[in-house]
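A.B. asks: Let me begin by handing over the structure; questions about it come next.
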Amino acid sequence: MHPLEIPELLQEVAECIDQLPDLSSLSQVDRLAHAVVTPYLFRDISISFNSFNSLANAIRADPARAGCCRSFTFCRGMEMAWDAENFGPIETLLQDIVSVFDALSQCHPRRLMASSWMRLPLAHTHFTQLRILHLEICDDTDVWDGSPLQALLDTLLDLEDLSLEFQVLDSEGITLGSTHPRLRRFALHSEKLVDESDFLVRHPGIETLFLDTRQCFRREINIAESSLRTLSLDEYSLSASPTILQQPLRHLRFREVNGEPEVVFEHAIRAVSSTLRCLELDFFGGSDDPFPSYILALIENTTALDELAILARGISSRSSCTFLDNVLEAVGREASVRALHLRGSQESLPRERLDDLGPLPPQLKYIQWDLPRTSYVYVVERRRDKNVVSETIIRPTIEDLDWTEESVLRFLRVPW
């Protein structure tokens, strides 16, 4: 018997194929391959509104295909015209959306993403098994009514991952009053939604938190009960909720630090310095002063770091060697870091510098050097009296990479 005539083996092969064109080719080998492999084409659906009708027809023809869906992303096609006088195409689209979402809701979807809310009838669909929900809400009206979305959130008791991005002028009806006992990841991009929210208090199980918001959160929780270990926020989010850093964090990213922040930044770093293992600083640096004093203060107050990321914007005109020298001077020779992640020059390091990096912190083993389209991970080795690069690992740029996966040590599968 030929291996491709064994259904279980075909399933194993399909599980290992991520590219849709390759899966599609395999499904067309013969009838058996078509029957076994076709469901895998519906694992991760990414489709524009313009092509939605074909998806709806495929699921209507075989509703069981919806049960294969692990993630679902749809977006408005740029070429689609919204003509108020010709509502036919929109009506058809909405009917197709209802059909697809009804099928998904009955087949235990695990991930739903949407790039445009546009009053979709999602609140009338019951996603009783939904685990992951990522929504980007776009609306250019004066006041966006978020009550249907809030009603939907109130029904999602089994969510483990929730991300909400509101690109609206003003909103009403979003209360952040829903409770999800299994929630482990939460991300919020928004202006202020309510005066003060106890959402984080009601979700002590959140392990990973991303904030890009002016929303104030109360964090009155027993630290011993808190699961929060990974946090990404900007200075506005911290200013709105300054007590949020009173947690035993292990991974912290400060984003878009564009001006000298209040002393709360330094105090915040000092508060978590004993537990923090990975610190990432995304800031704007001038060409004459690449590391403002507050950035140096943050670095100085971390004593147990395994990894430090310097993601500097605005200093790309500096040479790669000068940028590296600036970083090493800021870090100091006695630092405990094992990995540096550097972004701030459009040049790669020259060969002569790779052959002699100069004095380094004694435990430094990896330097990731980001360029616009790729990254190099330099493996450092001590040879005689020099620190040299013994190996260069090319790390391709991946769009929409989860920010928690950008760490050098995580990429190399080296524990903190």
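A.B. asks: Do you know which residues across region 274-290 are open to solvent by less than 20 Å² (accessible area, probe 1.4 Å) and modelled with pLDDT of 70 or more?
C.D. replies: Within region 274-290, the first condition is being open to solvent by less than 20 Å² (accessible area, probe 1.4 Å), and the residues that meet it are 276, 278-281, 283, 285, 290.
Result: 276, 278, 279, 280, 281, 283.
A.B. asks: Where the second residue is open to solvent by 80 Å² or more (accessible area, probe 1.4 Å) and the first is touching a residue at least 12 places away in the same chain (Cβ under 8 Å) and lies in region 393-416, which pairs have Cβ atoms under 7 Å and are six or more apart or on separate chains?
C.D. replies: As it stands, the answer is 397/373; 416/250, since those pairs meet every condition given.
A.B. asks: If we keep just the residues of region 326-353 that are assigned to a helix (DSSP H, G or I) and surrounded by fewer than 15 Cβ atoms within 10 Å (Cβ to Cβ), which is modelled with the lowest pLDDT? Before the answer, list the steps.
C.D. replies: Of all residues in region 326-353, those assigned to a helix (DSSP H, G or I) come to 326-331, 351-353.
Still in the running and surrounded by fewer than 15 Cβ atoms within 10 Å (Cβ to Cβ): 329, 351-352.
Numbers: 329: 88, 351: 94, 352: 94.
Applying the filter and picking the extreme gives 329.
A.B. asks: Another question about this same structure. Any idea how many residues of region 392-403 are at pLDDT 90 or above and surrounded by fewer than 11 Cβ atoms within 10 Å (Cβ to Cβ)?
C.D. replies: In the first step, residues of region 392-403 are kept if they are at pLDDT 90 or above; the result is 392-395.
Filter once more, keeping what is surrounded by fewer than 11 Cβ atoms within 10 Å (Cβ to Cβ): 394.
Residues that pass the stated criteria total 1.
A.B. asks: Go through region 358-373 and give me each residue that's open to solvent by 30 Å² or more (accessible area, probe 1.4 Å) and either over 18 Å from residue 347 (Cα atoms) or part of a strand (DSSP E or B) (or both). Before the answer, list the steps.
C.D. replies: Initially, region 358-373 is screened for residues open to solvent by 30 Å² or more (accessible area, probe 1.4 Å), giving 359, 362-363, 365-366, 371-373.
Passing the criteria: 359, 362, 363, 365, 366.
A.B. asks: Here's something else I'd like to know. Could you check region 136-147 and list, in sequence order, the residues that are crowded, with 19+ Cβ neighbours inside 10 Å and modelled with pLDDT of 80 or more?
C.D. replies: Kept after step one, since they are crowded, with 19+ Cβ neighbours inside 10 Å, are these residues of region 136-147: 137, 139, 144, 146.
The answer is 146, and nothing else.
A.B. asks: Looking at this structure, is residue 398 β-branched (Val, Ile, Thr) and under 16 Å from residue 325 (Cβ atoms)? First the steps, then the outcome.
C.D. replies: Values: β-branched (Val, Ile, Thr): yes; under 16 Å from residue 325 (Cβ atoms): no.
Against the criterion (β-branched (Val, Ile, Thr) and under 16 Å from residue 325 (Cβ atoms)), residue 398 does not qualify.
A.B. asks: Enumerate the pairs (first residue in region 174-191 and under 10 Å from residue 208 (Cβ atoms); second residue anywhere and charged (D, E, K, R) and part of a strand (DSSP E or B)) with beta-carbon separation below 7 Å, excluding pairs fewer than 6 apart on the same chain, so at least 6 apart or on different chains.
C.D. replies: 184/161; 185/161
A.B. asks: Further question on the same structure: Can you name the residue in region 298-322 that is open to solvent by less than 20 Å² (accessible area, probe 1.4 Å), in a helix (DSSP H, G or I) and closer than 25 Å to residue 416 by Cβ and is also modelled with the lowest pLDDT among such residues?
C.D. replies: 298
A.B. asks: Hey, among the residues in region 28-44 that are out of contact with any helix residue (DSSP H, G or I) (no Cβ under 7 Å at 6 or more places or on another chain) and more than 17 Å from residue 58 (Cβ to Cβ), which one's least open to solvent (accessible area, probe 1.4 Å)? Steps first, please.
C.D. replies: From region 28-44, those out of contact with any helix residue (DSSP H, G or I) (no Cβ under 7 Å at 6 or more places or on another chain) are 30-31, 35, 44; that's our starting set.
Applying the additional criterion that residues be more than 17 Å from residue 58 (Cβ to Cβ) yields 30-31.
Working: 30: 65, 31: 218 Å².
My answer is 30.
A.B. asks: Could I ask something else about it? What is the one condition in (1) modelled with pLDDT under 75; (2) under 21 Å from residue 134 (Cα atoms) that residue 86 does not satisfy?
C.D. replies: Residue 86 satisfies all of (1) modelled with pLDDT under 75; (2) under 21 Å from residue 134 (Cα atoms) except (2).
A.B. asks: Same structure again: Of the residues that sit in region 1-27 and are touching a Leu at 6+ places or on another chain (Cβ under 6 Å) and at pLDDT 80 or above, which one is least open to solvent (accessible area, probe 1.4 Å)?
C.D. replies: Taking region 1-27 first, the residues touching a Leu at 6+ places or on another chain (Cβ under 6 Å) are 3, 17, 23.
Now drop any that are not at pLDDT 80 or above, which leaves 17, 23.
Values: 17: 34, 23: 1 Å².
My answer is 23.
A.B. asks: In region 375-391, how many are open to solvent by 30 Å² or more (accessible area, probe 1.4 Å) and in a strand (DSSP E or B)? Explain how you work it out, then say what you get.
C.D. replies: At the first step, the residues of region 375-391 found to be open to solvent by 30 Å² or more (accessible area, probe 1.4 Å) are 376, 381-386, 390-391.
Keeping just the survivors that are in a strand (DSSP E or B) gives 376, 381-383, 386, 390-391.
Final tally of qualifying residues: 7.
A.B. asks: Which ranges mark the strands (runs of 3 or more DSSP E) fully within region 148-228 that have 3 or more residues being under 23 Å from the mean Cα position of the chain (by Cα) and at pLDDT below 90?
C.D. replies: Numbers: elements: 161-168, 185-190, 208-213.
Where strands (runs of 3 or more DSSP E) fall fully within region 148-228 and carry at least 3 residues being under 23 Å from the mean Cα position of the chain (by Cα) and at pLDDT below 90, they are 161-168.
A.B. asks: Additional query: Has region 404-415 got any residue that is over 22 Å from the mean Cα position of the chain (by Cα) and surrounded by fewer than 19 Cβ atoms within 10 Å (Cβ to Cβ)?
C.D. replies: Here is the first cut: in region 404-415, the residues over 22 Å from the mean Cα position of the chain (by Cα) are none.
Taking every residue of region 404-415 in turn, none turns out to be over 22 Å from the mean Cα position of the chain (by Cα) and surrounded by fewer than 19 Cβ atoms within 10 Å (Cβ to Cβ).
A.B. asks: Could you list all residues from region 359-391 that are of a type in the set (S, T, N, Q) and under 22 Å from residue 280 (Cβ atoms)?
C.D. replies: Here is the first cut: in region 359-391, the ones of a type in the set (S, T, N, Q) are 363, 368, 374-375, 387, 390.
363, 368, 374, 375, listed by residue number.
The values are calculated or read from the model by the stated rules, or taken from the named source; none is laboratory data. Small disclaimer: the values here were computed from a predicted structure and weren't measured. Using ideal geometry, Cβ is built from the backbone for each residue, glycine included, and neighbour counts are taken over all protein chains shown. Areas reflect the complete protein model, heavy atoms only, side chains present, ligands, DNA and RNA absent. Shrake-Rupley method; radii C 1.70, N 1.55, O 1.52, S 1.80 Å.
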